[in-house]
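Heads up: the structure comes next, in structure tokens.
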Amino acid sequence: MKKAALRKEFLQKRKEADEPSLIEKNALIAQNLEKYVQRNLFKTLHTFLPQLGSREINTFYLIELFRISFPAMRIAAPYIVPGTREMEHFLLTPFTHLVMNQWRIPEPDPTTSRKIAPEEIDIVLVPLLAFDRKGYRVGYGGGYYDRFLPQTRPECIKMGLSLFEEVDEIEDIDAFDIPLDVCITPEHVYNFSDR
């Protein structure tokens, strides 16, 4: 299937999912992710923050889990530079002031938060709607992460988090699409490093 069709299908699947099922899926993803992070010593983890009302994976829950389980690990989140397709990255602490952007996504306030460079990041949690067997993903179509991910170090882990399992193939992959290294779902941890 092509990206546009997959985007439409998976937005609808997410919309139709009942609340108890979403809560359970979030908890299972958190368990799988915690085990993965325990096996790897990441100094800095970068995570997206969920768009309000979108039924995205609740990364605020993950952030609280990380703060308890991995207190030495730094957590960062993106800030979209207004009027551009670029992101800057800021550390998230319990005291970080969040502001709402035009898409109703909370972001660290760039005037009061500590900026970090993409090269400092060890693992990026990448938002997505669907992903395929080769690790390619369907995002929301803005291209923000396709611009950001090449700025990280080659060994930085690019990890998708998905409420749903893989699809066979995304047909319209292009040169700007960056495959994931890993994708975590409620049921599985997919490792694409053997591609």
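Looking at the range 20-39, is at least one residue charged (D, E, K, R) and in contact with a Lys or Arg (Cβ under 9 Å, 6 or more places away or on another chain)? It would help to see each step written out before you state the result.
Filtering the range 20-39 for residues charged (D, E, K, R) gives 24-25, 34-35, 39.
Checking the rest, the ones that are also in contact with a Lys or Arg (Cβ under 9 Å, 6 or more places away or on another chain) come to none.
No, because not a single residue in the range 20-39 is charged (D, E, K, R) and in contact with a Lys or Arg (Cβ under 9 Å, 6 or more places away or on another chain).
Would the range 93-103 turn up any residue that is within 29 Å of His188 (Cα to Cα) and within 18 Å of the chain's Cα centre (by Cα)? Break it down into steps so the answer makes sense when it comes.
Step one: list which residues in the range 93-103 are within 29 Å of His188 (Cα to Cα), which gives none.
The answer is no; no qualifying residue exists.
Given (1) at pLDDT below 95; (2) of a type outside the set (A, V, I, L, M); (3) part of a helix (DSSP H, G or I), where does Glu119 come up short, assuming only one miss?
(1)
Given (1) over 18 Å from the mean Cα position of the chain (by Cα); (2) buried (at least 19 other Cβ atoms within 10 Å of the Cβ); (3) of a type in the set (Phe, Trp, Tyr), identify the lone condition not met by Phe70.
(2)
If Asn191 passes every condition in (1) free of Cβ contacts under 8 Å to residues at least 12 places away in the same chain; (2) more than 17 Å from the chain's Cα centre (by Cα); (3) farther than 22 Å from Lys2 by Cβ but one, which one does it miss?
(2)
Could you grab me the full set of residues in the range 73-89 that are under 22 Å from Leu33 (Cβ atoms) and either under 15 Å from the mean Cα position of the chain (by Cα) or surrounded by fewer than 14 Cβ atoms within 10 Å (Cβ to Cβ) (or both)? Working first, answer last.
First, the residues of the range 73-89 that are under 22 Å from Leu33 (Cβ atoms): 73-78, 87, 89.
Answer for the range 73-89, where residues must be under 22 Å from Leu33 (Cβ atoms) and either under 15 Å from the mean Cα position of the chain (by Cα) or surrounded by fewer than 14 Cβ atoms within 10 Å (Cβ to Cβ) (or both): Ile75, Ala76, Ala77, Pro78, Met87, His89.
Identify the residue in the range 176-191 that is hydrophobic (A, V, I, L, M, F, W, C) and modelled with pLDDT under 95 and, among all such residues, is surrounded by the most Cβ atoms within 10 Å (Cβ to Cβ). Let's see the steps before the verdict.
First pass over the range 176-191, keeping only residues hydrophobic (A, V, I, L, M, F, W, C): 176, 178, 180, 182-184, 189.
Keeping just the survivors that are modelled with pLDDT under 95 gives 176, 178.
Values: Phe176: 9, Ile178: 18.
The selected residue is Ile178.
Scan the range 154-175 residue by residue and report those that are within 23 Å of Thr84 (Cβ to Cβ) and modelled with pLDDT of 95 or more. Don't jump to the end; show me each part of the working.
Applying the first criterion (within 23 Å of Thr84 (Cβ to Cβ)) to the range 154-175 yields 156, 158, 174-175.
Matches in the range 154-175: Cys156, Lys158.
Would the range 150-161 turn up any residue that is surrounded by 13 or more Cβ atoms within 10 Å (Cβ to Cβ), in contact (Cβ under 8 Å) with a residue 24 or more places away in the chain, in contact with a helix residue (DSSP H, G or I) (Cβ under 7 Å, 6 or more places away or on another chain) and part of a strand (DSSP E or B)?
The initial filter retains those residues of the range 150-161 that are surrounded by 13 or more Cβ atoms within 10 Å (Cβ to Cβ), namely 151-152, 156-161.
Filter once more, keeping what is in contact (Cβ under 8 Å) with a residue 24 or more places away in the chain: 151-152, 156-161.
Now narrow it down to the ones that are in contact with a helix residue (DSSP H, G or I) (Cβ under 7 Å, 6 or more places away or on another chain): 151-152, 158, 161.
This time we only want the ones that are part of a strand (DSSP E or B), so: 158, 161.
Yes, the conditions are met somewhere in the range 150-161.
The values are calculated or read from the model by the stated rules, or taken from the named source; none is laboratory data. Only a predicted model underlies this, so the values are computations on that prediction, with no experimental measurement involved. All Cβ positions, even for glycine, are placed from backbone atoms using ideal geometry, and neighbour counts span all protein chains on display.
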